[in-house]
1. Per-residue counts of other Cβ atoms within 10 Å, averaged by peptide: what ranking do you get for 62-68, 73-79, highest first?
2. Per residue and in Å³, how big is the convex hull formed by the alpha-carbon atoms of segment 33-86?
3. Could you work out the Kirkwood radius for segment 168-248, taking every pair of different alpha carbons, averaging 1/r and inverting it, reported in Å?
4. How many angstrom lie between the C-alpha centres of segment 35-96 and segment 121-141?
5. Relative contact order for segment 34-137: what is it in percent, counting Cα pairs under 8 Å that are at least 6 residues apart?
6. Rank these for me by crowding, 269, 238, going from fewest to most other beta carbons within 10 Å.
7. Hey, if you drop one equal point scatterer on each alpha-carbon of segment 72-169 and run the Debye formula without solvent, what base-10 log of I(q)/I(0) do you get at q = 0.12, 0.23, 0.25 Å⁻¹?
Amino acid sequence: MRSAHTMLSAFTLVAGALAGCNGAPSGDPTGQSQARLVVSEAGQDSATLHVTAVDDATAATVVDQTITVEAGSAKVVSLSLEASGYTFAVEVLGAGDAKIGGGSAHVDLQEGVTTQIALAAQIDAGGSAQVQIGADAAPVIQGVSASLQGDGTVQIHVDASDADGGALTFFWSGAGFPSAVQCSSTMSIPQAAVTASSVVHVVVQDAQGAASSADIALASVGGDVQAAMSAGASTASCLDAQAQCNAACGATVVLGSVTSADASCLAACGLSFAQCANTSTP
C-alpha cells in the first residue's frame, strides 16, 4: 500500500495566478440523489465483498453486488436509489465463497443528496475479516451565478451546503485556470477566458472527503456573463482516484461514521479530483 505522503505528492497541484477569491450572490437550487459506495481493503490481501441493501419500508432487496477490491486500495460504485431508509449488509468472502466476516448498518438516503457509504474491510493474518460501515452525506451544490466586474474579470459564485452543517472546501479548474486551485465558494477569472465553449469545473468537499462536482458553462450575453450549471462530467476513474487518495490520507470508518483525516492531504485529493474533472471533459 502506498503511503499518504506518496499519494499526496502524486496529487498535489500548483494553483495558477489567473484566478482570485471574492464574494457574490447565490444561484437557483438544483441537486441529484444517489448512493456512492466506497469499498476499501486495509489489509495485505485483496477482498471480495458481497454487498446487499434492503429497503426498510418494503423489505425488498434493491442492491445485490459482489465487489472485489485489491489490498490497500479503494473502489467506488455509484447507485441510483429511491429516497428511503436502507439496511446495508456486507459479507467478506474467503476461499470457496465462505463468509469470513461481515457487518450491517442502517442508512437514510435523502432526496437531492448524494450519500457516500464507506465499506471498509480488513482481513487479518488468521484469515478472518472485520468490516466497518459509515455514511456521510456529500455536499449539495444548489446553484451558480456569474457577473462581469468593472475590473475586467468575471466573478463566479457557487451556492453549496453540507447536510451536517460542516465546513466545505472548494476546488476549481477549467476556463481561466492553468491548473486546479483551492479557494472559497467564489472565484474570479479574466473576462478574456469566457468564450462560446468556456466551462469551469468545481468540486465541493467536506471534512471527511466526500465530494460533489458540477460543470459551469459560461457565455457572454448582452454585455454581461451568464452561467448554466450541470452535473459534473467526471468519470468513474476520477471518483476511484479520489477514494484511493482519501484512503491513503487515513480516512477511516469508526463507530458507524466516517472520521476526518489529515486536512492538507484531503485537500490534495480534492485538487486531483478537480484536475481530473477538467481533463475528463470531452
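1. 73-79, 62-68
2. Spread over its residues, the Cα hull of segment 33-86 gives 72 Å³ apiece.
3. When all Cα pairs of segment 168-248 are included, the Kirkwood radius is 13.7 Å.
4. Between the Cα centres of segment 35-96 and segment 121-141 lies a distance of 10 Å.
5. 33
6. Ascending Cβ contact count within 10 Å gives the list 238, 269.
7. Taking Cα atoms of segment 72-169 as identical point scatterers yields -0.59, -1.22, -1.31.
Values quoted throughout were computed directly from the atomic coordinates according to the rules given, and no laboratory measurement underlies them. Everything numeric here is computed off the predicted structure, so don't read it as measured data. In this analysis, Cβ positions are derived from the backbone assuming ideal geometry, glycine residues included, and neighbour counts consider all displayed protein chains.
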